[in-house]
Amino acid sequence: MSVSECEMADRKSAAVMESLMLVAPVTALEFLEEEYLLAGEGPILSVYSLQTLLINCTSLSVLQNQRIHGIHLDPWQQERGATAAAPKEEELFVSPWQQSGRVRSVVLAVFGGKAVRVVGLKETGCGGPSLEALGPVIELQDWVCDVRWLRARAPLLAVALAHNAVLLLEAGKGWSLALCSCQEGCLLYSALLLGQRWDDMVIVGGTVFNQLVIWRPGEVGEDGRDRIEGLQMEVGRTAQVEKRLSGHSGVIFSLAYLPKHGWLASASDDRSVRLWGVGALGGVAGCGVPAPPCLRVLYGHQARVFSVRLSPGRVFSAGEDGACLQWGWDSGRVERSLKGHIAGGVRALALSGGGRAVEVACDWGGRRRDQALEGMQVHLRAGRGKVHSVLWAGQDGVRAYLLASGTAGQVFRWLLEGALYSCGRDGCVRELRVGAGDRLEVLRVERACRGMEWVERVLILDPEEGGEEQGTGEGCQMVVLGFQSVFFVVWDPVRRERLLSVPCGGGHRSWSYCPPSGPHRAGGALVFVKQGAVLATQVPQDPQGAVSWGLKVGLHGRGMGCVCRLGWVGPAGQGERWEILAAGGEDTSLSVLALQPLSGALRVLSVITDHISSVRALAVGLRGKMRIDGQKHGCSQTDGHTVTSLSSLLISAGGRAQLQCYRLLVGWGSQLSSPFCQVIQVASHRLDEQWERRRNRHKIVKMDPETRYMSLAVLHDGPEWILLAVGCSDGAVRVFSVSEVDGSFQLLWESFYHQRCVLSVAPCCLKDPQSNRKLFMFSGATDGRVAVWDMSTITAWRASPTAAPTWNGTCSPCLTFTVHQSGVNSLAVWEGHGDGQTGWMTVASGGDDGQLSVVNIRVQFHQQLVEGSTMCVELQSQSTVLLAHAAPLTALRHLGPSLLVSASPDQRVCLWSLCSSAPHHHSPGPHQQGPASASMAPPHISRTPPLTSMALPYTSRACSSHTWPTQRAWRCGLGLGVKAEPG
């Protein structure tokens, strides 16, 4: 039944939701002379100092729920209110700073989505810069493509709109003064406004018809002065297209103009950059030369080109392939390729004055910094010549020594602690450690570059000098050397990119590589023997001295599909705690993250790339060990400080029916600066492993389609093994067991009852009058039905030493019911209050239809068998909110006895309250909270990317119906955010 209107009335509550931290895509960049770099990260405007190694000085949330797409400085604030002659068109770069005593300030126009806002940046003599909003968010009816400050007595902004129109705004109060539309009412993907006054304004628009249109929105008066100076209203005017440039075969994403040479550059969906000789634009020159020629067509990107910028003699472009290319104007060729982003495309590109510095930003985050390799040993050399013998020698079972003898009659000894690396001709790099009995234990096996089947060496570079490291140290960079086809390749496993590729003809026994020197990794050389000749290849140093810094840590090359919380680590003190999360993405990678919600600090501890398809679900096992705040902790002393470490078992599932299990050990380095993570690979499993091992499988038709694992839940967390429930795209619900001792997955049970894709699974436990544990599993499919399974006997069966390979359990569910018109995307199940003979379970579900449903289930226990069972499961009541979200409800979590939190692609995170404190007696109809917390919009999303997952702490402390514990909700989609803290 539906919740009545009176039940749906909002009520006040002590629960509030606030955003604590946001990691969002970087979509806008702008240099503030040579001092600061301004970056738009979702709705947040951040200021980075160029004088102090790119330190984030300050940040401010500017556009609420809109993504920042552009930042423009006001160059006319110094002379605002004074009459001055208009400067020449070439004099466009005027200092935006305004000095007032010891305070310098600059005014910015920040735009994105359908909003514009004016922001002020101030710099005092005794402190760093600060940001403040100079006005409210100006909400418009159309998408904003570009803005430009106009030279006038009042602060005026020209705004280019997506439907080929230009709006004149009074920036201080947000008044609309004039609107001019083009007679060709097409949709613009990009726009560029040129000119200093409204009457001589020119707009260049990139249309969906793969053309550039140039027209003038204002009218030039006889005296050349603005007719709009008196803030007179002018609406309804139209203008004709004066120039039309054709040649692209795709939509135009970006435009750039160089006034000194009269060059116009356009970047397109067709992977090309075109340069046009349009001449002078704006002012008396109007729309330039009569027939602008196409001067250059630049092809070099492997995907769409998103951004282009011009400097004298050079062209810079960035695209979806993650590369920023520098082109020579005279040659039309690529002079330099700047890489560093993992994937996902580069959306923003900025040039400093004169083009001396280039900054690029990735669509899914910033450039990833080099990870710290904690406790690593390096390549060992036992003198010159051959090594005759190698021997392990242990001491007290704790330390291990490696002894080696050489040709000079000397014996070398090394003390080995921490991790070791080995490589071979199987294309894999193995991480090992010295275990019990002086044996080497394999912790992790990871493939290097795709296609690199011959891995020769693992090299650790010094973080300062760039040469090979001869001792342990924090912050070192690990690279992998090997052969890929006919190329010698230097591979960076952290950034997942080729640092060097030299055509040498294939693998060779005799070769030597000299790593680049200096902190910026410049130069380097390779010497190898080929056909009896000694050949040398030297990587020249950049003559222009190009240097790159890590500005912002990137998370995933594409959107994140799942996130889970592992726990926290840190020194003694609540303020220094680091939350440890795991996130899986569509780029097939799994990231272990450490973040501080209060300070906003973020560290990528480890990147795991064992999956061959997207990672869709995560689960955490604690193996029955001591639990504190839902995690297993350990304490140690480092430099006199008590620090807390973490050990968790992480299970990931995704496409190609692949399961992976890892032991994560998160600890602290000697400097206590940030945590580090050691990854131990426990087990892996694929349903079609037997198929992959068949010979000549390419000649056999594979009947079964590829299966994707859609959801994952822990049914039982024991000291020896863990039971996992998996929802599969082939209509099956499967139960696996994973044992860290055996290092393997085992398929125990599967059922194809649903016959449709199973989107979600969730467990719930009850106790009967004899205190026996009753385990239930809930599964939801694309037909909107939820099935309840009795899995109570599987744990006892699995613990039996004489258990069969598979569990012959239930073949059909004990209860099924329909809750949605389409797919059940998320399930949240918790135990209700019951008496000795009756148990209660409450099921909350979110579906593709945007509906939120809460179902109450009663479990009646019997002393004797009744119809072959000792209990009866029946549906007691059902309540729904038909329009809980305006889009599919993709994530749902239970916060406490009477609170739910939900997320959806409609850009909202909602907090719900169950109206009844005794859900087993009355219909637990959900209510939204009061106006202060009714719905919180994720600020980093302006369009409709999905919020696909949320994570919460595992345990909730006891609380009443009016008081809730303080909890944080992490949710992911195109970014990562610590969204809510009810308390």
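Only residues that are acidic (Asp, Glu) and either over 24 Å from Gln183 (Cα atoms) or in contact with a helix residue (DSSP H, G or I) (Cβ under 8 Å, 6 or more places away or on another chain) (or both): list them for segment 236-274, please.
Asp269, Asp270
Can you tell me how many residues in segment 163-180 are within 22 Å of Leu255 (Cα to Cα) and crowded, with 18+ Cβ neighbours inside 10 Å?
6
Would you confirm whether or not segment 629-647 contains a residue that is out of contact with any helix residue (DSSP H, G or I) (no Cβ under 9 Å at 6 or more places or on another chain), modelled with pLDDT of 85 or more and surrounded by fewer than 23 Cβ atoms within 10 Å (Cβ to Cβ)?
yes
Can you tell me which residue within segment 286-301, out of those that are assigned to a loop (DSSP other than H, G, I, E, B) and hydrophobic (A, V, I, L, M, F, W, C), is least open to solvent (accessible area, probe 1.4 Å)?
Filtering segment 286-301 for residues that are assigned to a loop (DSSP other than H, G, I, E, B) and hydrophobic (A, V, I, L, M, F, W, C), the one least open to solvent (accessible area, probe 1.4 Å) comes out as Cys287.
Within segment 182-212, can you find the residues that are more than 14 Å from Gly250 (Cα to Cα), among the hydrophobic types (A, V, I, L, M, F, W, C) and in a loop (DSSP other than H, G, I, E, B)?
Within segment 182-212, Cys186, Trp198, Met201 meet the criteria.
Among the numbered criteria (1) open to solvent by 50 Å² or more (accessible area, probe 1.4 Å); (2) of a type in the set (A, V, I, L, M); (3) at pLDDT 85 or above, which single criterion is violated by Ile55?
(3)
Within segment 197-216, can you find the residues that are open to solvent by 10 Å² or more (accessible area, probe 1.4 Å) and out of contact with any helix residue (DSSP H, G or I) (no Cβ under 6 Å at 6 or more places or on another chain)?
Arg197, Val208, Phe209, Asn210, Gln211, Arg216
Condition first: aliphatic (A, V, I, L, M) and open to solvent by less than 10 Å² (accessible area, probe 1.4 Å). Now tell me which residues in segment 784-801 satisfy that.
If the condition is that a residue be aliphatic (A, V, I, L, M) and open to solvent by less than 10 Å² (accessible area, probe 1.4 Å), then Val786, Ala787, Val788, Met791, Ile794 are the ones that fit.
Could you tell me whether segment 123-139 includes any residue that is surrounded by 20 or more Cβ atoms within 10 Å (Cβ to Cβ), of a type in the set (Val, Ile, Thr) and over 23 Å from Leu45 (Cα atoms)?
Among the residues of segment 123-139, not one is surrounded by 20 or more Cβ atoms within 10 Å (Cβ to Cβ), of a type in the set (Val, Ile, Thr) and over 23 Å from Leu45 (Cα atoms), which makes the answer no.
I need a count of the residues in segment 95-112 that are part of a strand (DSSP E or B) and surrounded by fewer than 18 Cβ atoms within 10 Å (Cβ to Cβ).
Total meeting the criteria: 5.
What residue, among those in segment 573-612 that are open to solvent by less than 30 Å² (accessible area, probe 1.4 Å) and in a loop (DSSP other than H, G, I, E, B), is modelled with the lowest pLDDT?
The qualifying residue modelled with the lowest pLDDT is Pro597.
The values are calculated or read from the model by the stated rules, or taken from the named source; none is laboratory data. What you are looking at is a predicted structure, and each value in this text was computed from that prediction instead of being measured. In this analysis, Cβ positions are derived from the backbone assuming ideal geometry, glycine residues included, and neighbour counts consider all displayed protein chains. Please note that ligands, DNA and RNA were not included when accessible areas were found on the heavy atoms of the full protein model with its side chains. Shrake-Rupley method; radii C 1.70, N 1.55, O 1.52, S 1.80 Å.
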